[in-house]
Structures are given as structure tokens and as C-alpha cells.
Ligand SMILES: [Zn+2]
């Protein structure tokens, strides 16, 4: 499909406005809402887009940038307060759950990295602390059932008690199987 410009008035291109303007980018000089894009350029590293715009009203030109935002989301606690994501704290709570468990430092690093990657990839600017708790539980469940139960017993509410019970049953079953193998 060609994107031919069919101006309704001189200098006004509805096609450009529809496809290239992000909602209405107001003119920083006069607040006018028609600021069509004159020129769009991708940066060398392909991670930002620079757009030159011209105000339809005052004719001034300005530049906007579109960039990828990859920062750790802010953590929203249950009481609504916000706190910065703290990788040391995350490691601390995983290590506490994994105390004296047969899990290597490398496996712990992989788990922490996986949690951080998921938070980054969510693209969210804020996440509830509960979401991080869920990610931690998922990793611990994979790493070590005992550590998972330790963490979940502190973390999970009683509504999730069936899932918790399932994990305990699984551990019980694993122990029974181990005993069978030994005898
Ligand atoms: Zn203007």
C-alpha cells in the first residue's frame, strides 16, 4: 500500500499524522496540537528514533526522541509505598531459603538472573512486590523443594494453602522413593 500524501491544506499530511505522531505531541512553544513529523531517523545503534516536527500554528521546529526504556521496575509494596529494586535483597532472601541446601552458587546466580530478566522484559515501570515473590517461588520450586516450602510458608497467604500442601506432599513422596531406593 502506498502512503501517498493527500493534503487537506498546504503542509498538512493526514497519513503522516496518523502513522507517525504519538497521540498528540503538543508544540512546546505554543501548545498547539498539530505538529507533523518532517523527518524520522533511526540512530546508528538502532535503539532510538529521532523525529523533527514542525508546529502548524507557530511554525517553530522541535525534535522528539523515542528510546527503548529498559530499567528495573520500581517495587510497589503492599502498603503502597515504592522502593527501588535491590538485587542484594533478592539474593539475600533466596540464600536464606536455601540455607544448608544442596544448591550450587552457580544455580543460585542463574535463578537470580532469570528473575531479573523477567522483571526487565515485563517492560513495566512498577511491579507489585507480590509478583517478585511469585517469581522467587517459581525459581525455588525448580531448585529445591525444601527451600521453596521455607520461602512459601513465610510468603504465601492461606488462600494458596493447597499449592503449598502439594509441594509438601511432593517432598514426602520424594523421601519415600529415596528410602525405597536405599533399602
Ligand atoms: Zn507552536
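Derivation of every value follows stated rules applied to the coordinates shown; laboratory data play no part. Only a predicted model underlies this, so the values are computations on that prediction, with no experimental measurement involved. Don't worry about glycine lacking a Cβ; one is built from the backbone with ideal geometry, like all the others, and counts go over all protein chains shown.
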So, relative contact order of region 44-183 in percent, Cα under 8 Å, 6 or more apart, is 21 percent
Need one number: the % of Cα-Cα pairs in region 80-130 sitting beyond the 11 Å mark.
74 percent
Taking the alpha-carbon centre of each part, the distance from region 117-138 to region 41-86 in Å is 21 Å
Kindly give the semi-axes, whole Å and largest first, of the ellipsoid equivalent to region 58-177, taking each as the square root of 5 times a Cα gyration tensor eigenvalue.
37, 16, 12
For region 25-89, what is the relative contact order in percent, using Cα pairs closer than 8 Å and at least 6 residues apart in sequence?
21 percent
Within a 10 angstrom radius of the beta carbon, how do 137, 95 rank from fewest other beta carbons to most?
95, 137
Among 109, 57, what is the fewest-to-most ranking by other Cβ atoms within 10 Å?
109, 57
If you take all C-alpha pairs in region 46-107, what percent of them are over 13 Å apart?
78 percent
For the pair residue 121/residue 109, report the inter-label distance in nm, with labels modelled 7 Å from Cα in the Cβ direction.
2.0 nm
R0 = 30 Å: FRET efficiency of residue 175 with residue 134, Cβ-based, nearest 0.05?
0.70
Expected sort for 60, 145 with the fewest Cβ neighbours (10 Å cutoff) up front is 60, 145
